[in-house]
Amino acid sequence: MTVSADSQGAMLLGRTTRTAASGIATLRAISTETKILHVTCWGLSDDECQELADLVSEAGVEVQFSPVVLDERALRRDAKSVQDYLVQQHLDADVLSRYFNLSDRYRAYLGELRDLQLPPTGGERWSCRSATAYVSADGHIRRCPYGQASVSVDAPRASIRQFLTDPAQDRVTPDCAAICRSSAASDDRTASCAAPA
């Protein structure tokens, strides 16, 4: 079972109230073998990370981290430059690494997000790599909730199979980068961590 929470900065940015403490309280109330707290991070402080490390250690739950991912509209709304946004992601990773054992994959993911925001050579963006199919409320199958390309669930089976096996038409954007999954990896966009003993 995974329960989501936001850092204090992410709560302000996204106007949410999903605290780590409330997430852990939810996990404690659930009877399941695997308990994971997934924290979306922005503007972390040492005090907040120390408190989080104490919480997850005491509760005996796993913790995963994802950086806040902002698109161009959100950057404009919050009066942030792309450079400031990318610097903040790396500052947050530095603070996290003082309290948790971050994987190399987490920092590699930050590099991929940087490439999305500042694409090299002519603005080419990644093709969608989602290994998951989503069905929208209007009955269309997409590779991603943010995808534009789709096929109706009422289409012939051959059309659905072709959609699912053909190369993706959608490009990855910052909107969907946080949930984009490569078919070669299960969940390497977050970092499963443990507080150092």
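So the values come out like this:
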| read-out | value |
| --- | --- |
| Residues satisfying the stated conditions in region 22-53, i.e. part of a helix (DSSP H, G or I), among the aliphatic types (A, V, I, L, M) and surrounded by 13 or more Cβ atoms within 10 Å (Cβ to Cβ) | 24, 25, 27, 52, 53 |
| Evaluation of residue 56 against (1) part of a helix (DSSP H, G or I); (2) over 17 Å from residue 111 (Cβ atoms); (3) open to solvent by 40 Å² or more (accessible area, probe 1.4 Å); (4) hydrophobic (A, V, I, L, M, F, W, C) (one fails), failing number | (3) |
| Candidate set: region 8-21, residues that are part of a loop (DSSP other than H, G, I, E, B) and out of contact with any Ser or Thr (no Cβ under 7 Å at 6 or more places or on another chain); chosen: the one most open to solvent (accessible area, probe 1.4 Å) | 15 |
| Selection count where residues are of a type in the set (S, T, N, Q), open to solvent by 10 Å² or more (accessible area, probe 1.4 Å), over 14 Å from residue 52 (Cβ atoms) and assigned to a helix (DSSP H, G or I), scope region 62-101 | 2 |
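The values are calculated or read from the model by the stated rules, or taken from the named source; none is laboratory data. On a predicted model such as this, the values are computed, not experimentally measured, just so you know. We place every Cβ from the backbone using ideal geometry, glycine too, and count neighbours over all the protein chains shown. Side chains included, ligands, DNA and RNA excluded: accessible areas come from the protein's heavy atoms. Shrake-Rupley method; radii C 1.70, N 1.55, O 1.52, S 1.80 Å.
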